[in-house]
Amino acid sequence: MMKHDVTPEVQKSEAEWKEQLGPERYRILREAGTEAPFTGKLLNVTDDGTFTCGACGAELFKTDSKFESHCGWPSFTHPEEQENVRLLDDFSHGMRRIEVRCKRCDSHLGHVFDDGPGPRGTRYCINSASLDFQPSSRP
């Protein structure tokens with residue numbers, strides 16, 4: 001796993017992040033919180049488009065990698081570009097998990113598990129509040 005010692009491209013003071021994100025998104029993106037399951041606004045989005053970082057706008061996931069995992073959070077088989085995310089060991093809550101962070105701004109997105117479908121077998125379990133959605137533009 002990657003270490004948590006990389007300087008992100010996008011840097012802001014905690015006061016700037018709080019003002020930009022508001023209390024709930026700040027708690028999740030900057031303090032590694034989690035939204036309640038089955039409450040996220042992007043859980044059931046299936047429109048063609050791109051899921052971006054809710055803090056900095058980096059492109060993270062495409063709709064074609066999203067699947068219904070019945071876990072209560074948006075789930076993806078893989079990021080659009082692996083280089084856009086950082087994976088970190090997370091030993092909180094008395095267990096070992098792999099945390100997913102936005103590489104561009106170091107915001108917490110969720111966790112990745114090895115119980116996903118397809119050849120990769122990964123499930124990126126991501127907080128809706130960590131994401132924004134940009135629908136594909138159709139001519």
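The values are calculated or read from the model by the stated rules, or taken from the named source; none is laboratory data. On a predicted model such as this, the values are computed, not experimentally measured, just so you know. Here the Cβ positions follow ideal geometry from the backbone for every residue, glycine too, while neighbour counts run over all protein chains shown.
Miscellaneous remarks
- Across the range 68-97, the qualifying residues are those that are of a type in the set (A, V, I, L, M, F, W, C) and surrounded by fewer than 16 Cβ atoms within 10 Å (Cβ to Cβ), and the one among them that is farthest from R25 (Cα to Cα) is M95.
- For the range 77-103, taking the residues that are free of Cβ contacts under 8 Å to residues at least 12 places away in the same chain and part of a loop (DSSP other than H, G, I, E, B), the one that is farthest from V6 (Cα to Cα) is identified as M95.
- Selection within the range 35-65 - part of a loop (DSSP other than H, G, I, E, B) and closer than 21 Å to E16 by Cβ: G54, A55, C56, G57, A58
- Given (1) of a type outside the set (G, A, S); (2) surrounded by fewer than 13 Cβ atoms within 10 Å (Cβ to Cβ); (3) without any contact (Cβ under 8 Å) to a residue 24 or more places away in the chain, index of the condition R27 fails: (2)
- In the range 92-117, residue farthest from the chain's Cα centre (by Cα) [restricted to those that are farther than 16 Å from F61 by Cα and among the small types (G, A, S)]: G94
- Only one entry of D132, D115 meets the criterion of being closer than 16 Å to V45 by Cβ and either modelled with pLDDT of 95 or more or part of a loop (DSSP other than H, G, I, E, B) (or both), and that entry is D132.
- Residue within the range 113-121 that is over 27 Å from S137 (Cβ atoms), crowded, with 16+ Cβ neighbours inside 10 Å and not charged (D, E, K, R) present: yes
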